[in-house]
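Since the structure comes first, as structure tokens, the remarks are kept for the end.
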Amino acid sequence: MKIASTGFRRPIALVTTVLVAVAGMSACGSAAGGGAGGDEQTTIRYQSYAGAVDAFLLADALGEFEGLTLERVGDVTGGPQALQALASKQTDIGGSAFYGAIAQLVGTGAPIKAVVPFYGSNEKSNSKVVALKDSGIESAEDLVGKKVAVNTLGANSEAVLDTWFDQEGLSDEEKDRITLVPLPPLNTPEALGKGQVDAAVVSFIGFKTTAAKYDVVELTNDVDVVGEPYAGGGLTLRNEFIERNPNTTKQLVEGVVTAIEFIETHTTQELFDIYFPYLEEEGFADYIPAIEANFPGTLGIDAEPVIADEDIQRWVDWLDDRGDIDGSELDVSDVYTNEFNPNA
């Protein structure tokens, strides 16, 4: 397997791609209709999460999306990709994008807003930085000159790593010598085991998979770096969709909020009893074995999720420090809205 790698500190490349897509928005209409003075849009194009409990689909299973038609256009492969699909109008709701990526895009002109938290980390479910136990890597300093696998660049993993490196006192020069390697999570354990990378950022599920095959040591985790519980990202809508479809937006947000509360306040079996029959009926039966084996019982966020200024501001400060945006020119209220969230 040939691995493409990149140096650590860089502008997030997603911005250029998304802004090109945004520039063409005015030249194309909504694929699913809706608008001022007419009926609101009721067909919602979305991307699903293969092998994971998806609060968006659970909301549909709970009957929260009555009157709406969900049109699947593939699976989410990463937050930046989800934002690109949203900005280019391939989807109507952007799935689980990192707040930092959303903030950067808003800061550079993308007309989008986060509308509800969707994933996070707590004591039961978090992302870890791991290395092979016999590698001799025990600290952030030991990663200087090494390769670290992440699921995608410019997202939550990179931000947490950078924050941890700062906490551990690494200089910019030392951080420049740490190479981030974007790898699909399914390929990460093998790459680590074969020495193609020296360390990896892995999710709760990824850690289980990796630890089952290799003797690994945990260097840190995102809860230790950021605190717990913390919401890492949220579902996102285009501003024009919100303006043209306020009732549909409210239904989507309230439905997801209801689903998140159900997940966080019910047993895993109670969740499966509702979710699995729905997945089978909708043609997602192949998702079930992975969910059954790996679901940690939580999405890592509060049962009554609300986006807070600090959820966005911490990553605005990070982006400003990197030189990716001018943080003084970005108001966090432009990045998100709790207007449609009944918990706000």
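When only alpha-carbon atoms count, how far does the chain stretch along each of its three principal axes, as whole angstroms with the largest first?
Between the extreme Cα coordinates on each principal axis of the chain lie 63, 47, 36 Å.
Take the Cα pairs of segment 267-344, get the Kirkwood Rh, then feed it into Stokes-Einstein at 37 °C and 0.692 mPa s and tell me D in µm²/s. Please report the intermediate quantities before stating the final value.
Values: Rh = 16.0 Å.
It diffuses with D of about 205 µm²/s by this estimate.
Would you calculate, for the chain, the mean residue ellipticity at 222 nm contributed by helices, counting each DSSP H stretch of 4 or more residues as -39,500 (n - 2.57) and dividing by all residues, to the nearest 500?
Dividing the helical sum by the residues of the chain leaves -11500 deg cm²/dmol.
Please report Rg (one decimal) and Dmax (integer) in Å for the Cα set of segment 127-226.
12.1, 35
As a footprinting exposure proxy, order Tyr287, Tyr278 by other Cβ within 10 Å, with the fewest listed first.
Details: Tyr287 23, Tyr278 14.
Neighbour counts put them in this order, fewest first: Tyr278, Tyr287.
Quick check on packing: order 46-52, 270-276, 289-295 by the mean number of other C-beta atoms within 10 Å, highest mean leading.
Ranked by mean Cβ neighbours within 10 Å, highest first: 46-52, 270-276, 289-295.
Any read-out appearing in this document is the output of simple, stated calculations on the displayed coordinates, not a laboratory observation. These numbers were taken from a predicted model, which means no experiment stands behind them. Positions of Cβ are backbone-derived with ideal geometry, glycine not excepted, and every protein chain shown enters the neighbour counts.
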